[in-house]
Amino acid sequence: MIEVFKLNIELIRKRFSIYGLFNIISLCFVLLGLLFGIKFLEHKFGYYKEITLFLINFIYVACGKHVIPSNFDRNVQRHRTYFTLLNVKDIENYYMYKNLITFYVAVTYVIFPTSIQDLGIFTFYLAVMNILIFIIILFKNKLNKNKYLSLVNCMNIGCLIFTILYMKNFITIPFEKILNQYSIIIFIVISIYLTFKNFKHINPNDIKGNSVYFMGLSKKMLFLFNDKDLLFIIRKNLLLDPILVILLTNVSVKNTFNSSSDLLLSCILSFTCSFIMIYMNLLKNDESKVIFFYGPKDFKKFRIEKIKNTICISLIIFLIVLLPLIILIPIKIILPSYIISISLFLISTIIIKTNLEKTLNFKKTISNKEILIILLLAILGSITVSSIISNFII
């Protein structure tokens, strides 16, 4: 398994040309900056209980269902074909446990407290996260495709509702009563036990994407319009994750910091990142079809079409989240945030060409590098614009 990991690191180095002392040192500085920057911000802002609750909910909603390996057979066969000296069992173990190990390492690092006084709360949150992942893995093995994905979505919505109720003080977690030396040991034992169980029972994911939801509704919508991208988003239930990201982010910021400038930044960031999520889904959905409908000269037209459709879908997302947000955030912040987010999304996606336009590679419409650049542009733009206009709007 270690040999497969080393091989993948070497492939990443070749792909991004991470050779030479300068490139290696630069990468190390970037990684160290991210790692220590996260803990520095957590220590600076405080509010460990509130921020950690938001972080575990956000990580769980965004990444929880991805701990189950996807494309397992394809990845294993590819390595067995091109790297014949590797042990087959090592290859299978690597792709079976890679996502779960990454998830555990990321969660443990992100929510690990900077103060020893919060270690008890950390063990509680870690046990809760292990229980949630255990439920996902357990029911993945017992339920059919539709029921399993319905369960995952219900759990995501449940996490959102719990976070809102907790932040609004309708629900409280009495840490003072439940945390003592015995309960902390119990939480640690639960985490260790469930961690071993999760590694033991995890199986490859044979579900190709999300199941088809709201088929009846989408068929009726065909009489009103025939936009295949919107129908794809509705049928595949891809509106849920962006909506959860927007609501979770803004609810947590509202109840943790509660300053107008922070609310403006969180609104812009959450809207922009959600629209980029939709844009990526639309591009990837047409990876196998683009060759049949577009020629090499039309790839820019293909990208512009996806940008336009994303903006149309963003309006639906905005209307859905508008009512819950109005309860929490003034409308004078919400409306400018949406307009600014659309502008930032347009700028970042128009500037950055897709992998399809650059390489004429029909199998990959957009690369991970381009996704990262678009996200970085959007995040930097959100921070810059919100700091400039916060004094004028608020």
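Among Ser150, Ser337, the sequence by solvent-accessible area, most first, with a 1.4 Å probe is Ser150, Ser337. Using bins of 10 Å that start at zero, the share of Cα-Cα pairs per bin across the range 136-204 amounts to 17, 27, 39, 17, 1, in whole %.
Residue pairs exceeding 27 angstrom between C-alpha atoms, taken from Lys306/Lys369; Lys200/Lys236; Lys6/Lys200: Lys200/Lys236.
Rounded to 0.05, the FRET efficiency of the Ser26 and Asn368 pair, given R0 = 25 Å and the Cβ-Cβ distance, is 0.85. Counting heavy atoms of the protein chains alone, Leu380 has an accessible area of about 110 Å² for a 1.4 Å probe. Val88 contributes about 60 Å² of solvent-accessible surface, heavy atoms of the protein only, 1.4 Å probe. Full extension of the chain segment joining Phe139 with Tyr193 gains 17.7 nm, where the gain is 0.36 nm per residue of separation less the Cα-Cα distance.
Given a 1.4 Å probe and the protein chains as shown, Lys200 ends up with an accessible area of around 150 Å².
Projected onto its three principal axes, the C-alpha set of the range 53-98 covers 45, 15, 12 Å, listed from the longest axis down.
Where in the range 92-127 is the amide nitrogen less than 19 Å from a point lying 7 Å along the Cα-to-Cβ axis of Phe36? It comes to 109-115, nothing else. Our coupling estimate for the range 73-78, obtained by passing each phi through the Karplus curve with A = 6.51, B = -1.76, C = 1.60 and θ = phi - 60°, is 4, 5, 5, 5, 5, 5 Hz, Gly and Pro reported as x. For the range 267-278, the Karplus equation 6.51 cos²θ - 1.76 cosθ + 1.60, evaluated at θ = phi - 60°, returns couplings of 5, 4, 5, 5, 4, 4, 5, 5, 5, 5, 4, 5 Hz by residue, with Gly and Pro reported as x. Nearest 0.05, what FRET efficiency do Arg78 and Thr114 give at R0 = 35 Å with Cβ-Cβ as r? The computed FRET efficiency comes out at 0.25.
Residue by residue, the range 117-125 carries 3J(HN,Hα) couplings of 5, 9, 5, x, 5, 4, 5, 5, 5 Hz when phi is fed to the Karplus relation 6.51 cos²θ - 1.76 cosθ + 1.60 (θ = phi - 60°); x denotes Gly or Pro. Applying 1/(1 + (r/R0)^6) with R0 = 51 Å to the Cβ-Cβ distance of Asp90 and Ile173, what FRET efficiency is obtained, to the nearest 0.05? For R0 = 51 Å, the calculated efficiency reads 0.75.
The values are calculated or read from the model by the stated rules, or taken from the named source; none is laboratory data. Small disclaimer: the values here were computed from a predicted structure and weren't measured. Backbone-built Cβ (ideal geometry, glycine too); neighbour counts: all protein chains shown. The area values use the complete protein model at the heavy-atom level, side chains included, leaving out ligands, DNA and RNA. Shrake-Rupley method; radii C 1.70, N 1.55, O 1.52, S 1.80 Å.
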